[in-house]
DNA sequence: TTGAAAGCGCTAACAT
DNA sequence: ATGTTAGCGCTTTCAA
């Protein structure tokens, strides 16, 4: 590997010193234009490319942020990464990715790898299996900028971006009621995850605000899967007074509901209404198309990076950091599965 | 930010030197077990976390690889990233991500950022708009390990992993013929991208191997979108002797075909057969479910990392590198849209 | 088995 | 406007 050229190489060639070359390349005001030009030309000639590793060591910052997601395979996180990386590149930051695969142990390892890499900040979406948050608290204690996105935990006092799950669920439920469905049920997600609890709360409040009685038998505990959608429908249809609409905690669950209804020849949306949550890609391609709540994934990634960027920049000036919790609007996407009214 | 502890801190506390502490922590054989134990204990106590930046500068390698993809938003690339990152983590590597957003300029910038970060190798999937490959040739010239995945270019002599596009297309086309469809058409992708040319070649060869005449009017030039699927069908159905099956270059195109057929009340698969390519998630949830070719995305990511890892390790020993081109099997996933026979 | 010293490439403080 | 010097934290060579 033909050695990368260094400031020293350029300096030697020009009969000057590495310090001057460094200043010239960094466009410092105390260097003459003439010198800047000749340095730039020589650098180009040698194919010089700044060694960010050395620079980072010297500066005590890396211009790199770390991201921890459950899995890049889930298209939701792919979109968020897209948003994060695009803004990061624009602002000159590199992005390191780690996956927890929903495991606490891997998440914890990921945090340590990122700390070893001396990232300037960490963006994270909490793993399903994480119940102990000491690794994140350690980051916080080190005063290293930390931002949670989507899978947040309000009790930790960490800056975050998430979608307004409560209001999204509220809107979804209310939409079904306004469409004339009499009894709106809910299939929930694992209730140790805050966002799913929020969605359930939105569902319950929307019922009560619309003078529907809250009926615990109309809530089926699911686990974010097609299967729990099917199982939920199976359960609901055996009730004495079954529901005629379901607000599912996310789109796969809603898909299970639709599959089960189709198997039983129950007409959607005429006899039964369905709303999901997530705006997964497949929703617009199935029959009937799925009404859902959009989570603004790309925007979420962009906002997450902007938040951490702000923390990094402010941290330099030793300003005190206030915890911010950005809540993105949950946007109803009304398609066929929930539109009873003509 | 309470300063991270260093080898020096540990050494001072133990009345020894940074060199010894370094050796102890790196489990060198020339250090006594007693010393190793006490060093480990002190390190734990201080919450010591090796500064990878300093270590990288000294060692001349970073234990980091760079990945350039068109966009993390495409679920295909999300899956590949998943595969890459998982294997990388297992082998102790960090992963830096850059996106080209299908633009040559951003791709080129990405390569330079990764070089500045002194990554130990680069994995890349070529952007749609990239016609000039000098940035990749520069990487190759530097003898920095480089592996292409999926969007490869055979003429560049770069190690790669990709799916067997030719054989996948061949199998897809032959499957449709064997199902009894008389005239099998093809909607292609941008033909400056090699994988799409390969798929067309597979289509043509399968026709001829099965004694079907190759008819240029049965190939519609598309651009990997739902719209080109629809446009293709519109064109085909106006032909004097229209086809009764389509092999679409990828699943979105196939989805467009299906939508158009449904709009015209043409029965799938009875009157018209459809095959896609990619095995996108939505294919199993639409009606009819979509027959397609699986690309083994996660495996592709895993293989890509393994290849570059091998190159990195061998490079150290100055062994000569042979260019490898790993071709993953293209696996037909037969669902409803192509099954005419009972 | 351990210590002393040097250096990876960069940048900033200080000097001129 | 430029040069000198030192040091970020680690690892390795050489010496003891």
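The values are calculated or read from the model by the stated rules, or taken from the named source; none is laboratory data. Here the structure is a predicted model, which means the values were calculated and not measured. A quick note on method: Cβ atoms are made from the backbone with ideal geometry, for glycine too, and the neighbour counts reach across all protein chains shown.
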TODO: Please tell me if residue A:116 is on the phi < 0 side of the Ramachandran plot and crowded, with 24+ Cβ neighbours inside 10 Å.
DONE: no
Open item on the list: Of the residues A:15, A:60, A:47, only one is at positive phi and within 10 Å of DNA strand C (Cβ to nearest atom); which?
Closed with: A:60
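Give the residues of segment B:261-292 that are assigned to a helix (DSSP H, G or I) and surrounded by 19 or more Cβ atoms within 10 Å (Cβ to Cβ), sorted by residue number. Quick ask: steps written out before the conclusion?
Going through segment B:261-292, the residues assigned to a helix (DSSP H, G or I) turn out to be B:261-263, B:281-284.
Listed by number, the residues that qualify are B:261, B:282, B:283.
Take the residues in segment B:20-32 that are within 6 Å of DNA strand C (Cβ to nearest atom) and modelled with pLDDT under 95; name whichever of them is farthest from the other protein chains (Cβ to nearest Cβ).
Residue satisfying both the conditions and the ranking: B:32.
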Task: Positions within segment A:112-135 being in contact (Cβ under 8 Å) with a residue 12 or more places away in the chain and in a helix (DSSP H, G or I), in sequence order - done: A:112, A:113, A:114, A:115, A:135
TODO: Take residue A:68 and decide whether it is buried (at least 16 other Cβ atoms within 10 Å of the Cβ) and not in a loop (DSSP other than H, G, I, E, B).
DONE: yes
Task: Unmet criterion (only one of (1) surrounded by fewer than 19 Cβ atoms within 10 Å (Cβ to Cβ); (2) away from DNA strand D (no atom under 16 Å from the Cβ); (3) more than 9 Å from every other protein chain (Cβ to nearest Cβ); (4) assigned to a helix (DSSP H, G or I)) for residue A:138 - done: (3)
- [ ] Mind listing just one residue for me: the one in segment B:1-29 that is farther than 26 Å from residue A:143 by Cα, more than 8 Å from DNA strand D (Cβ to nearest atom) and surrounded by fewer than 14 Cβ atoms within 10 Å (Cβ to Cβ) and, of those, farthest from the chain's Cα centre (by Cα)?
- [x] B:15
Task: All positions within segment A:98-107 that are touching a helix residue (DSSP H, G or I) at 6+ places or on another chain (Cβ under 6 Å) and either surrounded by fewer than 19 Cβ atoms within 10 Å (Cβ to Cβ) or within 7 Å of chain B (Cβ to nearest Cβ) (or both) - done: A:98, A:99
Open item on the list: If I go through segment A:30-55 residue by residue, how many of them are surrounded by 13 or more Cβ atoms within 10 Å (Cβ to Cβ) and within 12 Å of DNA strand D (Cβ to nearest atom)?
Closed with: 9
Open item on the list: Please verify whether residue B:61 is at pLDDT below 95, within 14 Å of chain A (Cβ to nearest Cβ) and assigned to a loop (DSSP other than H, G, I, E, B), treating the condition exactly as stated.
Closed with: no
Open item on the list: Is it the case, given these coordinates, that residue A:89 is in contact with a strand residue (DSSP E or B) (Cβ under 8 Å, 6 or more places away or on another chain), facing another protein chain (nearest Cβ under 9 Å) and without any contact (Cβ under 8 Å) to a residue 24 or more places away in the chain?
Closed with: yes
Task: Residue list for segment A:245-259, restricted to those being farther than 21 Å from residue A:193 by Cβ and buried (at least 20 other Cβ atoms within 10 Å of the Cβ) - done: A:245, A:258
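Looking only at segment B:235-260, how many residues end up being part of a loop (DSSP other than H, G, I, E, B), in contact (Cβ under 8 Å) with a residue 60 or more places away in the chain and over 22 Å from the mean Cα position of the chain (by Cα)?
Total satisfying the criteria: 2.
Conditions (1) in the same structural domain as residue A:291 (by TED's automatic domain parsing); (2) modelled with pLDDT of 95 or more, marked per residue:
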residue	(1), (2)
A:107	no, yes
A:114	no, yes
A:134	no, yes
A:141	no, no
A:153	no, no
A:183	yes, yes
A:188	yes, yes
